[in-house]
Each structure stands twice: as structure tokens, then as C-alpha cells.
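A.B. asks: Got a structure here, written out as C-alpha cells. Questions coming.
Just so it is clear, none of the values below were taken in a lab; they were calculated from the coordinates. Given the structure is predicted, the values throughout are model-derived calculations rather than measurements. Neighbour counts run over all protein chains shown; Cβ positions are idealised from the backbone, glycine included.
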Amino acid sequence: MSILVTGGAGFIGSNFVLDWLAQGDEPVITLDKLTYAGNIANLASLQTHPGHIFVHGDIGDSALVASLLTRHQPRAILNFAAESHVDRSIYGPGAFIQTNIVGTFNLLEAVREYWNPQPEPARRHFRFLHVSTDEVYGSLDATAPAFTESSRYEPNSPYSASKAASDHLVRAYHHTYGLPVLTTNCSNNYGPYHFPEKLIPLVIHNALAGKPLPIYGDGQQIRDWLYVKDHCSAIRRVLADGKPGATYNVGGNSEKTNLDVVHALCELLDELRPRRDGQSYRTQISFVKDRPGHDRRYAIDASRLARELGWRPAETFETGLRKTVIWYLQNPAWVSNIVSGTYRDWVQTHYQV
Ligand code: NAD
Ligand code: TYD
């Protein structure tokens, strides 16, 4: 038995692979294209792990995926691979369409071909778990109830539209072909190995580097934050006991304005790594031009996951954010390798990929 994890060198995927192998001995095959967001150094601790195989490749490469499936015969595929940054999708949506829509389609086709002739009970027990986002539901007014699994899809950015399209394809493969799929729609994650282009790691990095902390617009946009390891535990629960064809919202019940998040980060840094001049990191906050089409509020109702599968997050926003800041303070080389670009050389020096 093994599982195939796509996008396992990215932020959430690498946390998932590391947690999976820390908790059990079922082998993992990681397939990752190593785009700018893929960092194989995230998986450095697994370099000699007998239960881990890393494959450099694209989910859209049907021949490669077919050969991996035939060779390793995984009992489940977990699809984390995606272009994931909203700002990049605004300035260059093409890659989002290619990976998130066409790539997911090619992956589904390869998986269907592999799964269809499987003997029972392997065919029945097989799972395709698609990792998606709350952003497919669009934006909420200040007082609207949180998104449930039956909220309408109203994606507003090229990123969320491409994820919505992939969710629809996954749903269709269940409805049409009977492929045993599961979809999770999760709110904003934060934690270790988060690429420093996203709000929380960017603010930590800029604060320590003495740079401005850019807040888009008025900073009153709301996101519902979840510590990444809680997202990983939710995915494990859904993989184990989720109902094929069902979708599960995942969230931390932790709505915060962006400004509140940045203030909380400044406070933690003031405590853990005070500035030499005694001033607060808050003085570095800088309001900048808003993101075009910026969604005002996301909020997730994760009660189905709690009720049906008994999942609850282990961290509050406060405990998770403290762990995150401490991780970044303890791993400055990880960030500086990204900022300098040397993380890309890691691939050549440490892996023959
Ligand atoms: P990320 O950008 O950090 O990582 C994506 C990974 O996918 C990278 O390692 C990249 O190299 C790889 N990849 C990209 N295109 C590929 C392709 N064509 N073939 C193979 N690999 C490819 O993203 P993340 O934040 O870890 O997000 C993982 C998944 O979770 C995404 O599907 C995203 O939509 C979803 N999600 C993210 C969040 C969040 O807050 N980050 C929240 C909810 C859902
Ligand atoms: P981000 O981390 O890019 O995630 P998403 O857009 O998927 O929610 O951004 C989180 C929020 O922070 C979002 O409302 C945009 C805002 N933001 C800033 O205000 N400044 C920044 O420099 C970044 C990257 C994001």
C-alpha cells in the first residue's frame, strides 16, 4: 500500500508528507513539478527515508503519471499540485489554467484509466482526494453566514476560478464514472514552509529585514485562518473516512482582518525578537494600493467535518501563530535561500531529478 501526493514540495503538501511519514509507515510517492513555489528542501529530512520517493514531474504529463501509477499501485492520490497565489493569477492567469484546470483533467484521466480495471475490493477502496480552497465560494458581506458545502460557487479571481473548474471536473468524474473522489475546501493556511510571497511569511520576513509591511487597501479584508498541520489532520480524516463524492469544508473558526493579523505578528516579533531601536515593528506598516477585485471576506463553516468525521483543529490562531513565528525565527536559512534563489540549486545538488 502507498499513496501518491502531487504538489508535495509546496507549502501544504510538504507539511502533509512530513506529518504522514512521521505518523505511520505507509510509503509516499511525491510528484512535483518544482515550480518557483516548489522547494525540495522542505523534504530534506526525508532524503534517505525508505518510505519516500520523490519524482520531478507535471501532473499534466499523462504518460509519466500513468507509469507511476502502474509501477507503484497507490491506493490513493492526493492532489495538492496547483498554482496558488492570487496576485500571480491576476498578472499571469495562463499557468493557472494550465495546471489547475488542464493539469487536473489530465491527472483525472490517467487515474481513471488506472482505477477502472482494478479488481475489487481495491477499486472500491481507492480514493482521489482533491485539495481545494474556500475561495471558490467568492466573497462574503460582513454579516453573511459562513460558507457551507452547499454555498454557491462564485469565484472572483483567475486563481479561484481555476480551482472551481478543477473542483467541477473532480465532481463530474465521480458522478459520471464513479471514481471515488473526495474534495476538501479549506480556508487560508499558515505555518512552517509557507512561501514568503503570502501575507504571513512575507510580513515576518519584511519585518526582520527592516522593510515595509505592505497592507493592501484598508486592511479590513477578513480571512479565516487555519494552522497548516490542522489542515493536514483534516485531510487525513477525510481520506480515512470521508464519503466518496462528498465535499468537506475545512476551517479554523478564526476570522481576522488583515490588519489584525499584521498587528498580531508585530506583537509576537516585538516580544520574541525586539527591534534594536526599541520601537515596535508596527512602525513598518505601510498601506499600499489594493489588489484588483480583492475579495472582502472569507469564512468557513466546518461543522460537517466536525459532526460526521469528528475533526477539530488542535491550534487556536494565537497558538498557531506563535509556533509559526518561532519556526521562522529558527529557520532563517530557509527564507534566505528562497529570497536569494539558492533553493533552486538544492535540486541539482541534493537530488538527481
Ligand atoms: P504552493 O504554491 O505552496 O505549492 C504548490 C506545489 O505544487 C508546488 O510544490 C509546485 O511546485 C507544485 N506544482 C505546481 N504546478 C504543478 C504541476 N503542474 N505538476 C506538479 N506539481 C506542480 O501551494 P499550497 O499553498 O501548498 O497549496 C496546495 C493546495 O492547497 C493548492 O491546491 C491550493 O489551491 C490549496 N489550498 C491552499 C490554501 C492556502 O492557504 N495556501 C488554502 C486552501 C487550499
Ligand atoms: P494571501 O496570503 O495572498 O492569501 P489569499 O489572497 O489567498 O487570501 O493574502 C491574504 C490577505 O492578505 C489577502 O486579503 C491579501 C492581503 N495581503 C496584503 O494585504 N498584503 C500583502 O503583501 C499580501 C501578500 C497579501
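A.B. asks: So if R0 is 56 Å, what FRET efficiency would Thr283 and Val102 give, r being the distance between their Cβ atoms, rounded to the nearest 0.05?
C.D. replies: Values: r = 46 Å, r/R0 = 0.82.
Efficiency for this residue pair is about 0.75.
A.B. asks: Residue-wise, which Karplus ³J(HN,Hα) couplings in Hz belong to region 228-237, taking 6.51 cos²θ - 1.76 cosθ + 1.60, θ = phi - 60°, and x for glycine or proline?
C.D. replies: In residue order, the calculated couplings are 4, 6, 6, 4, 4, 5, 5, 5, 4, 5 Hz.
A.B. asks: Helix-derived [θ] at 222 nm for the chain: sum -39500 (n - 2.57) over DSSP H runs of at least 4, divide by residue count, nearest 500?
C.D. replies: On the way: 13 runs with 143 residues, N = 353.
Computed mean residue ellipticity for the chain: -12500 deg cm²/dmol.
A.B. asks: For region 179-190, in order, what is each residue's ³J(HN,Hα) by Karplus, 6.51 cos²θ - 1.76 cosθ + 1.60 with θ = phi - 60°, in whole Hz (x at glycine and Pro)?
C.D. replies: Along region 179-190, the couplings run 4, x, 9, 9, 10, 10, 10, 10, 7, 4, 9, 8 Hz.
A.B. asks: Treating the angle as unsigned and between 0 and 90°, give the value, to the nearest 10°, between the Cα long axis of helix 104-115 and the longest Cα principal axis of the chain.
C.D. replies: Rounded to the nearest ten degrees, it is 30.
A.B. asks: With an 8 Å cut-off on Cα pairs and a minimum separation of 6 or more residues, tell me the relative contact order of region 28-134 in percent. Write down the numbers at each step before the final one.
C.D. replies: Details: 104 pairs, mean separation 33.0, N = 107.
Rounded, it is 31 percent for region 28-134.
A.B. asks: A further question follows. For the chain, set up a GNM with springs between Cα atoms under 10 Å and report which of Arg276, Arg296, Arg112 has the largest fluctuation.
C.D. replies: Evaluated over the chain, the most mobile residue of the options is Arg276.
A.B. asks: Just to check I understand the Karplus step: with θ = phi - 60° and J = 6.51 cos²θ - 1.76 cosθ + 1.60, what whole-Hz values come out for region 63-80, glycine and proline as x?
C.D. replies: Whole-Hz 3J(HN,Hα) from phi for region 63-80: 5, 5, 4, 4, 5, 5, 5, 5, 6, 9, 6, x, 8, 7, 10, 10, 9, 9.
A.B. asks: While we're looking at this one, here's another question. Any idea what the dipole of region 177-320 comes to, in debye rounded to 20, about its Cα centre with Lys/Arg Cβ at +1 and Asp/Glu Cβ at -1? It would help to have the intermediate numbers written out before the result.
C.D. replies: Working: 19 positive and 17 negative charges, 56 e Å.
My answer is approximately 260 debye.
A.B. asks: Oh, and also: Identify, among Ser45, Ser132, Pro212, the residue whose Cα sits farthest towards the positive end of the charge dipole of the chain, taking +1 on the Cβ of Lys and Arg and -1 on the Cβ of Asp and Glu, with the dipole about the Cα centre.
C.D. replies: Of the listed residues, the answer is Ser45.
A.B. asks: While we're here: How high is the relative contact order of the chain, in percent, with contacts defined as C-alpha pairs under 8 Å that are six or more residues apart? List each step's numbers first, then the result.
C.D. replies: Details: 642 pairs, mean separation 62.5, N = 353.
Relative contact order, the chain: 18 percent.
A.B. asks: Between Asp260 and Ser340, what FRET efficiency follows from the Cβ-Cβ distance if R0 is 35 Å, with the result rounded to 0.05?
C.D. replies: Values: r = 31 Å, r/R0 = 0.89.
So the FRET efficiency works out to roughly 0.65.
A.B. asks: About the Cα centre of region 1-129, what is the dipole size in debye to 20, counting +1 per Lys and Arg Cβ and -1 per Asp and Glu Cβ, all else neutral? Intermediate values should be presented prior to the final figure.
C.D. replies: On the way: 8 positive and 11 negative charges, 46 e Å.
In total the dipole reaches around 220 debye.
A.B. asks: How much length would be gained if the chain were fully extended between Thr143 and Glu267, taking 0.36 nm per residue of separation minus their Cα-Cα distance, in nm to one decimal?
C.D. replies: Values: separation 124, 0.36 × 124 = 44.64 nm, distance 2.82 nm.
Gain in length upon complete extension: 41.8 nm.
A.B. asks: Moving to a separate point now. Starting from the Cα of Ala333, step 7 Å along the direction of its Cβ; do the same at Ala306; then give the gap between the two resulting points in nm.
C.D. replies: 4.2 nm
A.B. asks: A further question on this structure: Can you tell me the Rg and the Dmax, both Å, for the Cα atoms in the chain?
C.D. replies: Final numbers for Rg and Dmax: 19.8, 68 Å.
A.B. asks: Right, something else. Out of all DSSP beta bridges in the chain, what portion is antiparallel? Express it as a percent rounded to 5.
C.D. replies: Values: 3 of 38 bridges.
Beta bridges within the chain, antiparallel portion: roughly 10 percent.
A.B. asks: A further question on this structure: Considering the dipole of the chain built from charges on the beta carbon (Lys and Arg +1, Asp and Glu -1) around the Cα centre, which of Trp20, Asn249, His263 is farthest to its positive end?
C.D. replies: Trp20
A.B. asks: Comparing Leu265, Leu202, Leu31, which has the greatest mean-square fluctuation in the GNM of the chain with Cα pairs linked when under 10 Å apart?
C.D. replies: Leu202
A.B. asks: Please list, ordered by chain and number, the residues whose modelled amide H lies under 5 Å from the amide H of Gly245; skip anything fewer than 5 residues away on the same chain.
C.D. replies: Distant-sequence amide H within range of Gly245: Val181, Leu182.
A.B. asks: Next question. What FRET efficiency, computed as 1/(1 + (r/R0)^6) with R0 = 30 Å and r the Cβ-Cβ distance, is obtained for Ser62 and Tyr153, rounded to the nearest 0.05? Let's see the in-between values first.
C.D. replies: Values: r = 27 Å, r/R0 = 0.89.
Efficiency for this residue pair is about 0.65.
A.B. asks: Additional query: Is any residue of region 108-140 close enough, with backbone N under 17 Å, to a label point placed 7 angstrom from the Cα of Arg291 along the Cα-Cβ axis, and if so, which?
C.D. replies: 132-140
A.B. asks: Something else now. So what's the angle, to the nearest 10 degrees on a 0 to 90 scale, between helix 258-272 and the longest Cα principal axis of the chain?
C.D. replies: 70 degrees
A.B. asks: Could I ask something else about it? How high is the relative contact order of region 177-327, in percent, counting Cα pairs under 8 Å that sit 6 or more residues apart? Walk me through the numbers on the way to the answer.
C.D. replies: On the way: 240 pairs, mean separation 55.3, N = 151.
Value for region 177-327: 37 percent.
A.B. asks: In debye, nearest 20, what is the charge dipole magnitude of the chain about its Cα centre with +1 on Lys and Arg Cβ and -1 on Asp and Glu Cβ, if you could check? Don't skip to the end; give the middle numbers.
C.D. replies: Numbers: 33 positive and 35 negative charges, 45 e Å.
Dipole about the Cα centre, nearest 20: 220 debye.
A.B. asks: Looking at the chain, how many pairs of lysines come closer than 28 Å at the Cα, when each pair is eight or more places apart or spans two chains?
C.D. replies: 21
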